[in-house]
Amino acid sequence: MTSSNNLHHLSASEAGRLLTAGEISAIELTEAVLSRIEAVEPQVRGLVTVTAEQARQAAQEADKRIREGNATPLTGVPLVLKDNMCTAGISTTCSSRMLEGFVPPYTATAAQKLLDAGAVLVGKSNMDEFAMGSSTENSAFFPTHNPWDSGRVPGGSSGGSAATVAAGETLIALGSDTGGSIRQPASFCGVVGIKPTYGTVSRYGLIAFASSLDQIGPLASNVTDAALTLNAISGYDAMDSTSINRESPDYSRALVPDVRGMKIGVVKEMFGEGVEPQVRDTVLEAARVLEQAGAIVDWEVSLSLTEYALPVYYILAPSEASSNLARYDGVKYGYSWDGAADMWEGMERTRQHGFGPEVKRRILLGAYALSSGYYDAYYRKAQQVRTLIRREYEDAFTRFDVLLTPTSPTLPFGLGERTNDPLAMYLADICTIPVNIAGVPAISLPCGFVDGLPVGLQLIGPSLGEETIIRAAYTYEQATDWHGMRPELG
């Protein structure tokens, strides 16, 4: 029998086996996780909402489902959702004053699929406001702390989701990734995160930041759990016009520890200036592990347009944000400023007081790039360069099965260290942004520790190449022990 004292550190796949075998109940597991939340949440601060009563009810239903033989691999497994995914009857804030107290009338498709699979929602996670940030310090409510070192950031914008997985406050979580917002916090928190191919997971019910870049994906303690979660959430959705209409593969079939003959390219531009030497050495050692496992590694692959990805992103993403966030006017829902003399002052004051400084900065950047006289020079040019970046990746994948880079150029940085330097903050996503620009899938998984802080390995695949990167990641994971390490908390 498994001790009830450490149920919160089970992997989702382990929990699924124990639940199905009747060795533990979903109620026991849920209570263990809720107790863990109560114990460590004051230190981590990864959740904006805890759904304890709903979780207990869902756990009872999960136990019934298991007894009746109708369980899925995730039935009874505790789940956290990033707070930019709509949940009917449960507050959804985007960690913004603009949506404080907003309760949606419907549930996001990806979230609903997990609930339909029997996963038990225990909370909604803190995030950078409207997913704009790389540290979860831009939350309007409070910053989230890295479970490995409470004086450091967990990454962002899905920092709450990554931190709660690392801290044992949930077994799986969903995040959203616009420029690295799943993978970078996965790296900083020592967990696994997948950014799927654009269109693989429905965006219906995801509160939009940049619609041509946003993608929902899983965060988990190991590759197996991430693959099982991706199985549950992927698939065509008629409610999302960008959803890919195809039958989703069973990603768990890619959990094979075999990379013999797999061609892996090490992208040299992502190991250069700005990458901390200890991060570089740790990731290169991970590449050697894959080479020893039989992969054919090319150590000098050039993606010459990498340097343009960051400026392209910070034109396109703010441009789309300025359009998407125009819906928040204080009229129909969300925050509304009182005391305005007329509608126009009300709208202006609502946005002035409802949005935080980083959101305002990006709205202004986007409005400028889209304005008359600057559209061709900025937005149109950025779209043209985006096409070139996408073609460069397509060309690289005619020669390689997987591209290998660090997930983040640095170790987790200190809370407050970059809050007054937006450019330094933006550079935190230098290795992840090109993947969103190209629309291809990538996975981050732990590959070592430096001074007690986790380092993430990023494996990038071709469009719809999730199975390939999962196989490479699983092979590396089975050859190492990093995924089994847990921070000391409580």
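The values are calculated or read from the model by the stated rules, or taken from the named source; none is laboratory data. Bear in mind the structure is a predicted one, so any value in this text is a computation, not a measurement. Ideal geometry is used to build each Cβ from the backbone, glycine not excepted, and the neighbour counts take in all protein chains shown. SASA here: full protein model, heavy atoms, side chains in, ligands and nucleic acids out. Shrake-Rupley method; radii C 1.70, N 1.55, O 1.52, S 1.80 Å.
So, R0 is 56 Å and r is the distance between the beta-carbons of D298 and F141; what FRET efficiency does that work out to, to 0.05? In this case the efficiency is close to 0.75. Computed 3J(HN,Hα) for the range 113-119, one whole-Hz value per residue from the Karplus formula 6.51 cos²θ - 1.76 cosθ + 1.60 where θ = phi - 60°, is 4, 5, 5, 5, 6, x, 5, glycine and proline marked x. Ordering of 174-187, 469-482, 149-162 by packing is 174-187, 149-162, 469-482, highest average first (other Cβ atoms within 10 Å, averaged per residue).
Sorted into 10 angstrom bins from 0, the C-alpha pair distances of the range 429-479 split as 24, 48, 25, 3 percent. Only protein atoms count toward the accessible area here, which uses a 1.4 Å probe; on the chain, the carbon and sulfur part of that area reaches 49 percent. A protection proxy built from the mean count of other Cβ atoms within 10 Å ranks the segments 70-80, 438-448, most packed first, as 438-448, 70-80. Residue by residue, the range 429-445 carries 3J(HN,Hα) couplings of 9, 4, 8, 9, 4, x, 5, 5, 4, 7, x, 9, x, 8, 10, 10, 9 Hz when phi is fed to the Karplus relation 6.51 cos²θ - 1.76 cosθ + 1.60 (θ = phi - 60°); x denotes Gly or Pro. Other residues lying with their Cβ under 12 Å from the Cβ of I182 contribute a combined charge of 0, Lys and Arg counting +1, Asp and Glu -1. Over 31 Å apart at the Cα level, from the set K113/K332; K124/K332; K82/K268; K82/K332; K124/K268; K360/K381, are K82/K268; K124/K268.
Accessible surface for the chain, divided over its residues, is 37 Å² per residue with a 1.4 Å probe. Label-to-label distance for S211 and R391 is 2.7 nm, based on points extended 7 Å past Cα in the beta-carbon direction. Rg/Rh for the chain stands at 0.95; both radii use Cα atoms, and Rh follows the Kirkwood definition. Each peptide in 22-34, 127-139, 221-233, 388-400 was scored by the mean count of other Cβ atoms within 10 Å over its residues; highest first, the order is 127-139, 221-233, 22-34, 388-400. Under the simplified labelling scheme, the E68-Y106 pair shows an inter-label distance of 2.7 nm, with each label point 7 Å from Cα along Cα→Cβ. Along its principal axes, the range 4-118 has C-alpha extents of 46, 31, 20 angstrom, given from the largest down. Counting every alpha-carbon pair across the range 64-198, the share separated by more than 26 Å comes to 20%. Across all directions, the average projected area of the convex hull around the alpha carbons of the range 230-280 is 7.0 nm².
Phi-derived couplings, Karplus 6.51 cos²θ - 1.76 cosθ + 1.60 at θ = phi - 60°, listed residue by residue for the range 10-23: 5, 7, 4, 5, 5, 4, x, 5, 5, 5, 5, 7, x, 6 Hz, with x used for Gly and Pro. Note on the range 275-344: Cα-only Rg and Dmax are 23.9, 71 Å. Eigenvalues of the alpha-carbon gyration tensor of the range 375-430, scaled by 5 and square-rooted, set the equivalent ellipsoid semi-axes at 29, 22, 4 angstrom, largest first.
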